[in-house]
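Presented below is the structure to which this report refers.
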Amino acid sequence: NSNNNNDNSSKSESTKKLRAQNKSPEPSLSFTHVTLPCDPENIYYPNPNKGVAVSRWSQIVTILTDLLQKNESISTNQIEEAIKKYNPHFRGSLLNLRRSLEGREYSNQIQKNVFPFIIKIALELDQLFPVNSLKIPFLGDLLDSESSDEEEENEKESCKNDFFENNSNNIIEDISLSQSSNKSLSIIISDSQNSNDETQEPFIIEEEEHASKNNKVLLKINSQSASFSRYQAASILANAFLCTFPHRDTNDLQRKLPSFNFSSLLTSYSPDSQQYKLKCILHYFDRIRKEYDKDKGSLHSQQIVFSLQELENDFDMNLKKHKNIPLSEVHINEVESIENSFDSIHADFANQYIGGGVIGSGCVQEEIRFVISPETIVSRMMIRRLQKRASVIISGAQQYCTYSGYSASFKFKGDFVDPRSLTRSPNDSGKFVVDTHITCFDALYFVGSTTYDPQNSTPTAVAKLLNQQFSPHAIKRELTKALSAFYIENCDPNKSISTGHWGCGVFGGDKHLKFLIQWIACTLSNRKVQYHMFGDYNTANLVRKLVSLSNEQKTTINEIFDLMIEYRGLLSLFVSQYRNKLIGKQNN
């Protein structure tokens, strides 16, 4: 029997080796930088038995060039056939793309003008990012700050003696965060087509130090940034649209990267909102095409800057409190969307993986913002999963279209010409960006939790609310995250923060608590608040009363902390009274 087992084992090993030989090995993706489609690391083995590696980019160029040269108009069938030739991971058919091309005139225009342009700029990638240029680094994990489960539990335990457990009169003291310097690393990918020096290559600005101050608080912040011209961004997105990027395993916890090829969005057969997302993206490419034909200089000279910044430490609730810091000014907007606030920094209620389901099935606040400003999607190419103290600021990403609806009712409406003026690039490169700034920050997910409703909330729901959202650990995390998102140095200090019900939809956040947390973060960041209610008139009225009362009484930050304590106390009283009633019934 043992001999038979050995024979079977050796046969099994031989079978595995034979399968391995016949399977084309995947390219070895870098842990430190983006593997572009034109990267020499992007290889495949046409004959695995011989083990000779061939450039995947050469294959892509051959297939797409042939498609471009032989056809004046390119159909979705031809694009699908091309993708399947060079991308072995591509599955299904372009169902959603076909659905998005409704109407003969619109379909003909896309197939005759837009598809060929997408292929054309995709094939320019190796000119815009030469082989001998600097690599595009992944942004994230600056401080390796993500706690292990054990560290997380220890942190929660240490919070038990936090400010909620103390008498409020003893905790309103002064806070002092030591002055430090920012260390920032900027990666500027130069667009050689906009340079008089034909040999100019992408270059790197080494780490530099500068004081991180404002008149309210001093913070320790580390940051990294990457900059691209709008044309480089369009070429990157064209390649993602054509699914030419090497396959990413989204379960790879070491790299912690979101997906980037558009395959899921192109192939899904899901709600109508998904085809309208594709219409937004196709409209973006059409706008870039027209601008290229008219004046391509602006595409090369205007930048988009992606900055990841991370606080070195959590906001320490055990430090002495802020004395006499008046709260920032608040303006309530009941109806308008955040992107319609023109002279402010726009909040993106982000997923840990930036962009969330923008190239998948998602269609809520973040996904909508990304499809109406598709240049933001480039962030998915290089930004790792957000750590608990990190946020992303995107500067210069224009809005290209308007929309109506939300989630399943989302629809593309039409063209939008962004009226915002040009301003100096925040990375001091001497170039310009369109004066749009989007700050992306993710909220905690509270399973089964909801906002407290005195009329309808059950004691069980309130107890869960207490244990989750109003725990010192959760408040410290959310305040730290909001502070990292709102404390933006390289942006006009007069710009307010346009935000709203952050993490209050499917993430189950308490609207009142989230408002207070963001109000405190804006105050510490020395910025005014524009709070968008998205038609939530009840909460708008409550917040307006709170703000009015605060203005009358000149409320300070420490008093808002007191308000949180009192609010938590009221919820605790509600639960304890209910429990006492139950105990009384049982005794009777």
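Taking every residue in segment 542-559 that is in contact (Cβ under 8 Å) with a residue 12 or more places away in the chain and farther than 12 Å from His331 by Cα and pairing it with any residue that is buried (at least 18 other Cβ atoms within 10 Å of the Cβ) and charged (D, E, K, R), at least 6 positions away or on another chain, the pairs with Cβ-Cβ distances below 7 Å are Asn558/Lys321.
Could you tell me whether segment 522-531 includes any residue that is in a helix (DSSP H, G or I) and free of Cβ contacts under 8 Å to residues at least 60 places away in the same chain? Within segment 522-531 (the criterion being in a helix (DSSP H, G or I) and free of Cβ contacts under 8 Å to residues at least 60 places away in the same chain), the answer is no, since none of the residues qualifies.
Looking at segment 71-138, the helices (runs of 4 or more DSSP H) lying wholly inside it that each contain 1 or more residues that are at pLDDT 95 or above, open to solvent by less than 10 Å² (accessible area, probe 1.4 Å) and within 14 Å of Ala238 (Cα to Cα) sit at 76-86, 115-122, 125-128.
Scanning segment 34-52 for residues that are assigned to a loop (DSSP other than H, G, I, E, B) and modelled with pLDDT of 85 or more yields Val34, Thr35, Leu36, Pro37, Cys38, Asp39, Pro40, Glu41, Asn42.
Listed by first and then second residue, the pairs linking a residue in segment 237-258 that is at positive phi to a residue that is open to solvent by 10 Å² or more (accessible area, probe 1.4 Å) and modelled with pLDDT of 90 or more, with Cβ atoms under 8 Å apart and 6 or more places separating them unless they lie on different chains, are Cys243/Asn87; Cys243/Phe90; Cys243/Asn261; Cys243/Ser263; Lys256/Arg384; Lys256/Arg385. For segment 375-409, the tally of residues that are crowded, with 24+ Cβ neighbours inside 10 Å and among the charged types (D, E, K, R) stands at 1.
So which residues in segment 330-386 are among the basic types (Lys, Arg) and in a loop (DSSP other than H, G, I, E, B), if there are any at all?
Of everything in segment 330-386, those that are among the basic types (Lys, Arg) and in a loop (DSSP other than H, G, I, E, B) turn out to be Arg384, Arg385.
If I ask for residues that are in a helix (DSSP H, G or I) and either free of Cβ contacts under 8 Å to residues at least 12 places away in the same chain or closer than 16 Å to Phe446 by Cα (or both), which ones from segment 486-514 would you list? Those that are in a helix (DSSP H, G or I) and either free of Cβ contacts under 8 Å to residues at least 12 places away in the same chain or closer than 16 Å to Phe446 by Cα (or both): Lys511, His512, Leu513, Lys514. Residues that are farther than 26 Å from Gln302 by Cα and of a type in the set (Ser, Thr, Tyr) within segment 371-409 comprise Ser404, Tyr406, Ser407, Ser409, listed in sequence order. Residues of segment 290-305 that are over 26 Å from the mean Cα position of the chain (by Cα) and either surrounded by 17 or more Cβ atoms within 10 Å (Cβ to Cβ) or of a type in the set (Phe, Trp, Tyr) (or both): Tyr292 alone.
Taken over segment 262-297, the criterion of being in a helix (DSSP H, G or I), in contact with a Ser or Thr (Cβ under 8 Å, 6 or more places away or on another chain) and not basic (Lys, Arg) is satisfied by Ser264, Thr267, Ser273, Gln274, Gln275, Tyr276, Leu278, Leu282, Glu291. Hey, could you check segment 323-374 for residues that are of a type in the set (D, E, K, R) and more than 12 Å from the chain's Cα centre (by Cα) and say which is least open to solvent (accessible area, probe 1.4 Å)? Among residues in segment 323-374 that are of a type in the set (D, E, K, R) and more than 12 Å from the chain's Cα centre (by Cα), the one least open to solvent (accessible area, probe 1.4 Å) is Glu339. Residues of segment 486-494 include at least one that is at pLDDT 95 or above and crowded, with 18+ Cβ neighbours inside 10 Å.
The values are calculated or read from the model by the stated rules, or taken from the named source; none is laboratory data. Worth saying up front: this structure is predicted, and the values here are computed from it rather than measured. Reconstructed Cβ throughout: ideal geometry from the backbone, glycine too, with neighbour counts over all protein chains shown. Accessible surface is based on the protein model in full, side chains and every heavy atom, while ligands, DNA and RNA are left aside. Shrake-Rupley method; radii C 1.70, N 1.55, O 1.52, S 1.80 Å.
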